[in-house]
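Visitor: Next up is a structure, given as structure tokens.
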Amino acid sequence: MTDPIRIYLGLGANLGERAANLAAARAALPPPVRCLRASRVYETAPWGYQDQPAFLNQVLEAQTELEPLDLLAHLKAIEANLGRTPTFRFGPRVIDIDILFYGEQVIARAGLTIPHPLLAQRPFVLVPLAELAPQLRHPLNGQTIQELASAIDTSGVEVYHG
């Protein structure tokens, strides 16, 4: 058995009962993914495609013994079980679970890029990630999450009070 790897996951939902969808995704992660800490939930304006409802976003710090592709398969199964259906790039979704970091590994293969390739451009990921791990360094550019978050406009990311 391998040692658990520390991972960071980004969760997002903008259809249906958004907060309940995030909670259901968190609840579905174990046993192969164990959540260590969760950021607060943030409400954010849509990114990439604007004509859709606001999102709720959250970042989880977790551990897993799953290999990256097995982790991806587990997350995609959770999304499908919670009712996610394919739409279009950056479109609305019941739930989205992205692998942001998998230890310090850099992975670039068809269907899986880690660290998440758009992480440094996404305030809805950087704000909750900076809450959990401000000094975490991006393995490709060497910047901390706090430095990345400070370099973009995060004004549209607000703590969600339900």
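Visitor: What is the number of the single condition among (1) closer than 15 Å to VAL94 by Cα; (2) in contact with a strand residue (DSSP E or B) (Cβ under 6 Å, 6 or more places away or on another chain); (3) surrounded by fewer than 17 Cβ atoms within 10 Å (Cβ to Cβ) that GLN63 does not meet?
Guide: (1)
Visitor: Which of the residues belonging to the stretch 22-70 are in contact with a Ser or Thr (Cβ under 6 Å, 6 or more places away or on another chain) and touching a residue at least 60 places away in the same chain (Cβ under 8 Å)?
Guide: PHE55, ASN57, GLN58, VAL59, GLU65
Visitor: Mind counting the residues in the stretch 17-45 that are under 20 Å from ALA120 (Cα atoms) and crowded, with 18+ Cβ neighbours inside 10 Å?
Guide: We begin by selecting, within the stretch 17-45, every residue under 20 Å from ALA120 (Cα atoms); these are 38-45.
So of that shortlist, the ones also crowded, with 18+ Cβ neighbours inside 10 Å come out as 38-39, 41-44.
Qualifying residue count for the region: 6.
Visitor: Which is outside any helix (DSSP H, G or I), under 25 Å from LEU29 (Cα atoms) and either among the polar types (S, T, N, Q) or touching a residue at least 12 places away in the same chain (Cβ under 8 Å) (or both), of PRO134, PRO117?
Guide: On the way: PRO117 fails: either among the polar types (S, T, N, Q) or touching a residue at least 12 places away in the same chain (Cβ under 8 Å) (or both).
One residue alone meets the criteria, PRO134.
Visitor: Hey, another quick one. Filter the stretch 116-142 for residues that are farther than 14 Å from PHE101 by Cα and either modelled with pLDDT under 95 or among the aromatic types (Phe, Trp, Tyr) (or both) and give the result.
Guide: Hits for the stretch 116-142 are GLN121, ARG122, PRO123, PHE124.
Visitor: For PHE124, are the conditions met, namely being in a helix (DSSP H, G or I) and surrounded by 18 or more Cβ atoms within 10 Å (Cβ to Cβ)?
Guide: Values: in a helix (DSSP H, G or I): yes; surrounded by 18 or more Cβ atoms within 10 Å (Cβ to Cβ): yes.
Yes.
Visitor: Another question, if that's okay. Yes or no: the stretch 90-100 includes at least one residue that is at pLDDT 95 or above and exposed (fewer than 15 other Cβ atoms within 10 Å of the Cβ).
Guide: So far as the stretch 90-100 goes, no, none of its residues is at pLDDT 95 or above and exposed (fewer than 15 other Cβ atoms within 10 Å of the Cβ).
Visitor: Continuing with the same structure: Taking LYS76 and the conditions (1) touching a residue at least 24 places away in the same chain (Cβ under 8 Å); (2) touching a strand residue (DSSP E or B) at 6+ places or on another chain (Cβ under 9 Å); (3) assigned to a helix (DSSP H, G or I), which numbered condition does it fall short on, given that it satisfies the others?
Guide: (1)
Visitor: Against the definition (in a strand (DSSP E or B) and either in contact (Cβ under 8 Å) with a residue 24 or more places away in the chain or surrounded by 15 or more Cβ atoms within 10 Å (Cβ to Cβ) (or both)), how does GLU158 come out, yes or no? It would help to see each step written out before you state the result.
Guide: On the way: in a strand (DSSP E or B): yes; either in contact (Cβ under 8 Å) with a residue 24 or more places away in the chain or surrounded by 15 or more Cβ atoms within 10 Å (Cβ to Cβ) (or both): yes.
Criteria met by GLU158.
The values are calculated or read from the model by the stated rules, or taken from the named source; none is laboratory data. Note that the coordinates shown come from a computational prediction; the quantities given were computed from them, not determined experimentally. When we count neighbours, we look across all protein chains shown, and the Cβ atoms used for this are built from the backbone with ideal geometry, even at glycine.
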